[in-house]
Structure formats: structure tokens, C-alpha cells
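Working notes, beginning with the structure itself.
The values are calculated or read from the model by the stated rules, or taken from the named source; none is laboratory data. Everything numeric here is computed off the predicted structure, so don't read it as measured data. Every residue, glycine among them, receives a Cβ derived from its backbone with ideal geometry; neighbour counts consider all protein chains shown. With ligands, DNA and RNA removed, areas are computed over all heavy atoms of the protein, side chains included. Shrake-Rupley method; radii C 1.70, N 1.55, O 1.52, S 1.80 Å.
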Amino acid sequence: MIKLRWSDFKDNRLYYVMNKNEKPLSLKIPDKGKAILDLYRINRKENHGYVFPFLKDVDNHSAKDIFTKTRNATQLFNKYLKRIAKKCDINKNLSNHIARHSFGNIAGDKIHLLMLQKLYRHSDLKTTLNYQANFIHKDADDALDSVINF
């Protein structure tokens, strides 16, 4: 997210290549996402094409500078997430990485596994199954209820 540029958006879609697997992806921008983007649009020029201000002063020819500023922004996000968790009495270790797991937990009973595989950009469905195994409890819960709570 830190590296998002305004040029990555076209026709209400986000186009990007995921670093982890180098696969291109296109996603519809949800209404909530549009509202957030609108807050940052006013600083478009000052941020030198980046959506968020964290890389506005980066040397785009220096991989080290990009890495350092990206890492520092991620650490700052994680610090703020921990403060938010404390204020909300959430006793979990919140971080950027946990957001992916939160999505998996919420999506587990709502999105078909083949679509989740596509959204996660997993090459093998087994990877998605293993990933979602931590979150899919509804079927087991319903089966247990049907026997115990008859």
C-alpha cells in the first residue's frame, strides 16, 4: 500500500503487481476505498505521484532508500495499530500482516475457496485450503450443534 501511485488506478480499478509472486492483479475499488483515496487526492502533487505521503521524498533510483522508507512506514503503522488496539481494549497483537489474516477470518464462510485462491494470488488451491483451515469453523460448529443441540 505504501508504494501505491495514482497511476495504478484506472476506471475505478487498482492495477498492481504483487511483490511476493510477481502476478498482476486488478481489483475494483470499493466505495469505502474511494472515500479514503479522496482524502489523499488533495496532496497528489506534493506526494510526487504516490497516493500516501511516506515516499514523497524517496530517491526512486535507490532501492535502499525505497526499502528503508517503506520499512519505516510499516513500523509506524504497526505502532499506531498497537495504540488503537490498546484504546479499544483489543488484547491481540495488531499489525499490517494480521490484516491479511483478518480478511481470511471474515471471508472464510462468505467467499468460495476458488475465489479466495484468486484473491490471495495462491498458485495452488492447497495453499488456500491450508491458510483458510485456521478460519473455517462454521461447518464444524453447525455439525456439532446438529448432534448436541437436537
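Rg and Dmax of the chain, both derived from C-alpha coordinates alone, stand at 19.0, 66 Å. If you line up the long axis of helix 31-41 against the longest principal axis of the chain, both from Cα atoms, how many degrees apart are they, to the nearest 10? Helix 31-41 and the main axis of the chain meet at about 20 degrees.
Annotation note: chymotrypsin sites (Phe, Trp or Tyr not before Pro) in segment 53-106 located in DSSP loop regions with a Cβ neighbour count of at most 14 within 10 Å are absent. Annotation: amide H of Arg5 within the under-5 Å range of Val51, sequence separation 5 or more or interchain, hydrogens built in the peptide plane.
Solvent-accessible surface (1.4 Å probe) assigned to Tyr50 amounts to roughly 10 Å². Modelled label positions at Ala35 and Asn149, each set 7 Å beyond Cα in the direction of Cβ, lie 3.3 nm from each other.
Only loop residues by DSSP count here, and only those with at most 10 other Cβ atoms within 10 Å; note down the trypsin sites (Lys or Arg not before Pro) in segment 62-134 that meet that.
Details: sites: Lys64, Lys69, Arg71, Lys79, Lys82, Arg83, Lys86, Lys87, Lys92, Arg100, Lys110, Lys118, Arg121, Lys126; in loops: Lys92, Lys110, Arg121.
Counting only loop positions with at most 10 other Cβ atoms within 10 Å, the trypsin sites (Lys or Arg not before Pro) in segment 62-134 are Lys92, Lys110.
Think of a 1.4 Å ball rolled over the protein heavy atoms: the chain then has 76 Å² of accessible area per residue.
Measuring nothing but how far apart in sequence close Cα pairs (under 8 Å, 6+ apart) lie, relative to its length, segment 1-118 scores a relative contact order of 17 percent.
Seen against the Cα atoms of the chain and their longest principal axis, helix 63-87 is set at about 50 degrees. Taking loop as defined by DSSP and a crowding limit of 13 other beta carbons within 10 Å, which trypsin sites (Lys or Arg not before Pro) in segment 2-42 fit? Passing both the DSSP loop test and the Cβ count: Lys20.
List the equivalent ellipsoid semi-axes of segment 82-135 in whole Å, largest first, each obtained as the square root of 5λ for an eigenvalue λ of the Cα gyration tensor.
Working: eigenvalues 137, 22, 15 Å².
Those come to 26, 10, 9 Å.
Beyond 22 Å between alpha-carbons counts as too far, so tell me which of Lys28/Lys69; Lys3/Lys64; Lys10/Lys69; Lys23/Lys56 fall in that bin. Walk me through the intermediate numbers first.
On the way: Lys28/Lys69 28 Å; Lys3/Lys64 14 Å; Lys10/Lys69 26 Å; Lys23/Lys56 26 Å.
Correct reply: Lys28/Lys69; Lys10/Lys69; Lys23/Lys56.
For His112 and Phe67, what is the calculated FRET efficiency with R₀ set at 30 Å and r taken between the beta-carbons, to the nearest 0.05? Could you put the intermediate results ahead of the total?
Details: r = 37 Å, r/R0 = 1.22.
According to the calculation, E is roughly 0.25.
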